[in-house]
1. Hey, rough spin-label estimate for THR219 and SER37, points 7 angstrom out along Cα→Cβ, what's it come to in nanometres?
2. Send over the per residue convex hull volume for the stretch 117-244, Cα only, as a whole number of Å³.
3. Using the Kirkwood radius over C-alpha pairs as Rh, can you work out the diffusion coefficient of the stretch 14-94 via Stokes-Einstein at 20 °C, viscosity 1.002 mPa s, in µm² per second?
4. For the stretch 66-113, what class follows from the C-alpha gyration tensor (a ≥ b ≥ c being the square roots of its eigenvalues): rounded when a/c is under 1.5, otherwise prolate if a/b is larger than b/c, else oblate?
5. Would you please calculate the Kirkwood hydrodynamic radius of the chain over all C-alpha pairs and express it in Å, rounded to one decimal?
6. Just read off the accessible area of MET170 with the full protein assembly in place, 1.4 Å probe, to the nearest 10 Å².
7. Pop out the carbon and sulfur fraction of the accessible area of the chain as a percent, whole number, probe 1.4 Å.
8. Please compute the length gained on full extension between THR23 and ALA172, using 0.36 nm multiplied by the number of residues separating them and subtracting their Cα-Cα distance.
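The values are calculated or read from the model by the stated rules, or taken from the named source; none is laboratory data. Please read these numbers as outputs of a predicted model, since none were measured by experiment. Here the Cβ is made from the backbone with ideal geometry for all residues, glycine too, and neighbour counts use every protein chain on show. Please note that ligands, DNA and RNA were not included when accessible areas were found on the heavy atoms of the full protein model with its side chains. Shrake-Rupley method; radii C 1.70, N 1.55, O 1.52, S 1.80 Å.
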Amino acid sequence: MATTTGAPAAELDPTQIVRWRKTWSQVMEGFVPHLASLEETLCRVAEAVRGRPPGRVLDLGGGPGLLAERMARRWADAEVTLMDIDPVLLALARGALAGEVRALDGDLSTPRWVDRTGGGYDLITVVMTLHYLPPAQVRAFYDHARRCLTPGGLLIVADLMPDEGLPSLMSALNPAPNEAAAEFAWAQWWSDIADLEVLRPLLAQRAAIFGCRLPAEFTAPASWHATVAREAGFDQAGTLWRCGRHAALAAVA
């Protein structure tokens, strides 16, 4: 297994880490319908594409490491790395997964993240992250991700990707019935965690990082993502999984 990097959240009680990661999981389940189905599909396809489990895995925008943890435990011999820009979420990941998952800080809006990962990955996952980037940076992302994969490696991007062939249906599903509740749960999670004195320095770092950058809220159709992936040099690209306006794109290097 890989080792973690950076300072662990040593000051946080392990029970606190468990609590905050559990409630984060509940928040994400509100944003992504049938998240467990997405993750199971992702893992089964990653195993099938080479006929064996991936050896090196990179989870981008991995937050507190829930997906990275599940992949590391499913594939005991794999080297699993997660990367995120949020110092609070990284602290939770490092506090929970020391010795299991390597955790890196990195910014997908710049090309420098490629150099920090080391390259040569069999699987790269990006779940509910690319909508933060504007179109030009998403295009650059696909190019950078391809260069991080081994030949035949798999990229899976899951996000809001409406089906352009069903415009009236996609419109009817926007907003989703639980979207307001999910947004409230998100705000409440951050409000509650702000009360932890031990995390105040990291919360200040987070405020400095995100204070001048707003989410792009970019929700291009899945067909747009597939086209851009092919333009970036992926041999194959298409929709792997869908639930309403949420979809997962698979692209093979």
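1. 1.9
2. Per-residue hull volume (Cα only) is 139 Å³.
3. 160
4. Cα axes put the stretch 66-113 in the oblate bin.
5. Result for the chain, one decimal place: 18.5 Å.
6. Taking all protein chains as shown, MET170 has close to 20 Å².
7. 55
8. Taking 0.36 nm per residue and subtracting the Cα distance, the gain is 50.7 nm.
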